[in-house]
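Below you'll find the structure, written out as structure tokens, and then a few comments.
The values are calculated or read from the model by the stated rules, or taken from the named source; none is laboratory data. Source: prediction; values computed, not measured. Glycine also receives a Cβ, built like all others from the backbone with ideal geometry; neighbour counts cover every protein chain displayed. Only protein heavy atoms, including side chains, enter the accessible area calculation; ligands, DNA and RNA are left aside. Shrake-Rupley method; radii C 1.70, N 1.55, O 1.52, S 1.80 Å.
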Amino acid sequence: MSQIHDARYRLEREHRQKIAEERVRNTTSSFIDRYQNELASLQEQGLVEFVQVRYDGCLSELMQIRAELDSNPFNARERSKSLGNEIYSLRNMARQIKLQVEEAQYQNYLKELEARAEVEKQREVAISAAWTQELRNWTDKLSLNLMLKEIKALEQQVFSEKSVKKEGDLLAKLHKLKLQGLEKAAEHRVLVERQSQSSTNRDFANAIAEVVSTSLPTDQAQVISEQFDTIFSDNPEDANAQLHKIEQLSDQVDKKIEDEAIRKETVKAIFNTLKTTGFAVQKPKLVTNKEGESEVVIAASRPAGNRAQFQIRLDGSCTYKFDNYKGQTCKKDIEQVLPKLSEIYGVDLSDSRVLWSNPDDEDAEMKPIPSQTMNSKG
């Protein structure tokens, strides 16, 4: 039994070892792929030449780790851990060195010009000084970089071939190159802006959606958010079309926010007026009417059973009705509520009118008053 037990133990241990190796192998392989992508990204951005030795070392180590992964996954994992930080540090190092190299090249170029001015003082002092100063004054570095080939060609003419005899001639030639450079730079910036416009459009849309989320009801905000998503799905490549549609939707959103603000003020005014005139007022409710329009309903009542109801729509208009009254008490409530809305809160009642009167029979039960409409002055 002991031998069988030992054999089973060895098999279980080997099985667990294989499972552990496979897990480590899969995890390490994932990291190796990430490292490979990072190195490829450096190559695509043209940064490798600034860290060539370390890049080659990392690439070689990465290939060795991948080769070792099948035979010794645990050792490959340890080597992968050590290599990770080295690979991720290459990007920042390459960028810093690139900046230093570019700055050094530019400074060396100016020094060469100044040295030539000293060698040929009698004829070239003024020209060299003018050349150097003009380049120093060339503040748009993008246009300068785009015209560097032409600048060096002009330098060859000026100082080697000695084709320029006067400072004014030199300045005229440099001015012409600068104009060409500025034109190229403007075209390049337009291209960069166009390439990034879609991302900018998305930021613009998100900013509007964020305002909408705090200014409109949740269901309306969701609809607008979906409309923005549709803009990008319908025009994935056309940034100008995206922007045009975003601006159109933004105008609509502004109108909705304005309408919602007016409605909130109208709801508040009606709620407070009903309360101060003795009604028990229920919490306003946002509903969708049978025409599919959004409206806020305010229901109020008196202990005697008299009822009042207001329906406020997005355009600021409001339909109201008073019912369950006897005699002239309904008219008295209307004369209490509606003038206060106009006088205190600025709700325009100029379009409303009472469609009934019953001055004699004060004990008779009145039928529900037909709905009336009023508008907020906003």
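General observations
- Pairs, first closer than 13 Å to Thr27 by Cα in segment 52-78, second part of a loop (DSSP other than H, G, I, E, B) and not acidic (Asp, Glu), C-beta under 8 Å, six or more apart: Ala76/Leu69
- Residue list for segment 216-233, filter: closer than 22 Å to Lys255 by Cβ and open to solvent by 30 Å² or more (accessible area, probe 1.4 Å): Thr218, Asp219, Gln222, Val223, Ser225, Glu226, Gln227, Asp229, Thr230
- If you check Glu38, Glu49 for being open to solvent by 70 Å² or more (accessible area, probe 1.4 Å), in a helix (DSSP H, G or I), under 30 Å from Ala104 (Cβ atoms) and not basic (Lys, Arg), only one passes: Glu49.
- Among the residues making up segment 133-176, those that are surrounded by 13 or more Cβ atoms within 10 Å (Cβ to Cβ), touching a residue at least 12 places away in the same chain (Cβ under 8 Å) and within 38 Å of the chain's Cα centre (by Cα) are Trp138, Asp140, Leu142, Ser143, Leu144, Leu146, Met147.
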